[in-house]
Amino acid sequence: YQKTNYQEEMALSLNQISNLYYSCLVLQSKFTSETIISHAIQNIDNLEQREKISFIQNVLLELYQISDKKCQKTIKKYVIKQKFITSGKFCSFLDVVNYHLHLAVLGIEDDKNSLCRMVEQMLQEYPEKVYYHSIQSTLNLLEILQKKYSDFSPLYKKVKLKINKLNKEFGHT
């Protein structure tokens, strides 16, 4: 309803309400308000791409996991139709790769070949002398996917090697 304050917006965008989602999963409760989902979708359409991706991943896709079939259908329809562009900046490309991997983890996107190509391209184009912390998200998502589909195991290993190399280069532990 566009009536949130700064703290509420930050809690949503930084996924600081994950305990709510976890509690619903444990209690097997279902989110059933299509109205709230519709309002959320209307309000994020004007966001910048990075903010929109973040909101979808941290709010809509979390709601997707605890929603009933009708709400899931609404969320799925919306997230699938999103066409994010990579603006020439690598961080933008990495955001889009992680977005699609996130959809695959939830079973919303199933084109494994396209996802594998995106991750390979991300590895090839990864700039020298730069550490993007969101590559850790890539690794986490690939770890989940490799457990479901063996196609992702080689990519998981490559990203893990890349992160290890970056950690050594930048002195991260």
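Against the test of being open to solvent by 40 Å² or more (accessible area, probe 1.4 Å), at positive phi and modelled with pLDDT under 80, the options GLN28, GLN2 yield a single qualifying residue, GLN2.
Cβ separations smaller than 8 Å between residues 6+ apart or across chains give the following pairs from region 27-47 residues that are within 17 Å of ASP68 (Cα to Cα) to residues that are open to solvent by 80 Å² or more (accessible area, probe 1.4 Å) and not hydroxyl-bearing (Ser, Thr, Tyr): THR32/LYS70; GLU34/LYS70. Contact annotation: residue pairs with Cβ atoms under 7 Å, 6 or more positions apart or on different chains, pairing a residue in region 74-90 that is on the phi < 0 side of the Ramachandran plot and of a type in the set (D, E, K, R) with a partner that is assigned to a loop (DSSP other than H, G, I, E, B) and at pLDDT 95 or above, are LYS76/ILE108.
Cβ-Cβ contacts under 6 Å between residues 6 or more apart (or on different chains), taken from a first residue in region 141-166 that is closer than 18 Å to TYR131 by Cα and at pLDDT below 95 to a second residue that is of a type outside the set (A, V, I, L, M, F, W, C) and not in a helix (DSSP H, G or I), are listed as LEU166/TYR131. Taken across region 80-103, residues that are among the small types (Gly, Ala, Ser), under 26 Å from VAL159 (Cα atoms) and surrounded by 14 or more Cβ atoms within 10 Å (Cβ to Cβ) do occur, with at least one present. Determine whether region 64-74 contains at least one residue that is open to solvent by less than 30 Å² (accessible area, probe 1.4 Å), out of contact with any Lys or Arg (no Cβ under 9 Å at 6 or more places or on another chain), modelled with pLDDT of 90 or more and part of a helix (DSSP H, G or I). Checking region 64-74: not a single residue is open to solvent by less than 30 Å² (accessible area, probe 1.4 Å), out of contact with any Lys or Arg (no Cβ under 9 Å at 6 or more places or on another chain), modelled with pLDDT of 90 or more and part of a helix (DSSP H, G or I). So which residues in region 104-159 are assigned to a helix (DSSP H, G or I), within 16 Å of the chain's Cα centre (by Cα) and of a type in the set (Asp, Glu), if there are any at all? Across region 104-159, the qualifying residue is only GLU143. The numbered conditions (1) open to solvent by less than 70 Å² (accessible area, probe 1.4 Å); (2) under 20 Å from LYS52 (Cβ atoms) are all true for ASN167 except (2).
The values are calculated or read from the model by the stated rules, or taken from the named source; none is laboratory data. Remember, predicted model here, so these are calculated numbers, not experimental data. We place every Cβ from the backbone using ideal geometry, glycine too, and count neighbours over all the protein chains shown. Each accessible area value is taken on the protein alone, full model and side chains, heavy atoms only, with ligands, DNA and RNA left out. Shrake-Rupley method; radii C 1.70, N 1.55, O 1.52, S 1.80 Å.
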